[in-house]
Amino acid sequence: MKAVPTVTVSAVVLRDDGGRVLTVRKHGSERFQLPGGKPEPGEDAATAAIRETAEEVGAVLVPELLTLLGEWRAPAANEAGHEVHGTVYLHPATAIAGASAEIAEIRWQSIDFTPDDLAPLLAEQVFPALRNGDRRLDQQR
């Protein structure tokens, strides 16, 4: 059995006052995912998440306020035949400048509804974890 190529990513859950999660859609993709991306050489997961979120939506995150939500694997949304290994953090609400870099669109998404256009990692792992009432979430609002 041939191993599936893995893409390593870091992402951040940012929620608004209503509890909706910030999702982004990259140019050339139909799937919405969390802000974040691939670590650069020598970069740890948290640093990559902070850098990528700043590049994509202009959010300034505070490293000390990041809380690990989880690490999961799922089919990659934008790279056919690949699997994504995602490290996902929570961060308290912060200002968002809007879509920039490779981001075509942003959307605030309720976790009570899982549309068909969410990336598998978000739909199959992150939203269920958020729905399960992780106690850390109450500290992030």
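Throughout, read-outs are computed from the coordinates displayed, never taken from laboratory work. Only a predicted model underlies this, so the values are computations on that prediction, with no experimental measurement involved. Positions of Cβ are backbone-derived with ideal geometry, glycine not excepted, and every protein chain shown enters the neighbour counts.
Normalised by the number of residues in region 6-135, what is the relative contact order in percent for Cα pairs under 8 Å and 6+ residues apart? Computed value for region 6-135: 33 percent relative contact order. From helices alone, the chain scores -4500 deg cm²/dmol at 222 nm; the rule is -39500 (n - 2.57) for each run of n ≥ 4 DSSP H residues, then divide by the residue total. Comparing Cα centroids, region 1-31 and region 55-82 end up 6 angstrom apart.
Take every DSSP beta bridge with both residues inside the chain and express the antiparallel ones as a percent of the total, to the nearest 5. Don't skip to the answer; put the middle values down first.
Details: 19 of 29 bridges.
If we restrict to bridges inside the chain, about 65 percent are antiparallel.
Remark: region 40-56, residue by residue, has Karplus-estimated 3J(HN,Hα) of 7, x, x, 8, 7, 4, 5, 5, 4, 4, 5, 4, 5, 5, 5, 5, 7 Hz, where x stands for each Gly or Pro and the curve is 6.51 cos²θ - 1.76 cosθ + 1.60 at θ = phi - 60°.
Taking N as the number of residues in region 22-85, what is its alpha-carbon radius of gyration divided by 2.2 N^0.38 Å?
Values: Rg = 12.4 Å, N = 64, 2.2 N^0.38 = 10.7 Å.
With N residues counted in region 22-85, Rg over 2.2 N^0.38 Å equals 1.16.
Restricting the trypsin sites (Lys or Arg not before Pro) of region 1-75 to loop positions (DSSP other than H, G, I, E, B) with no more than 10 neighbouring Cβ atoms within 10 Å leaves Lys2. Close amide-amide hydrogen proximity is noted between Gly58 and Ala97, each under 5 Å apart and 5 or more residues distant or on a separate chain (H modeled in the peptide plane; Pro and chain starts excluded). Close amide H contacts of His85 (hydrogens built in the peptide plane, cut-off under 5 Å, sequence separation of 5 or more or a different chain): Val7, Thr8, Val9.
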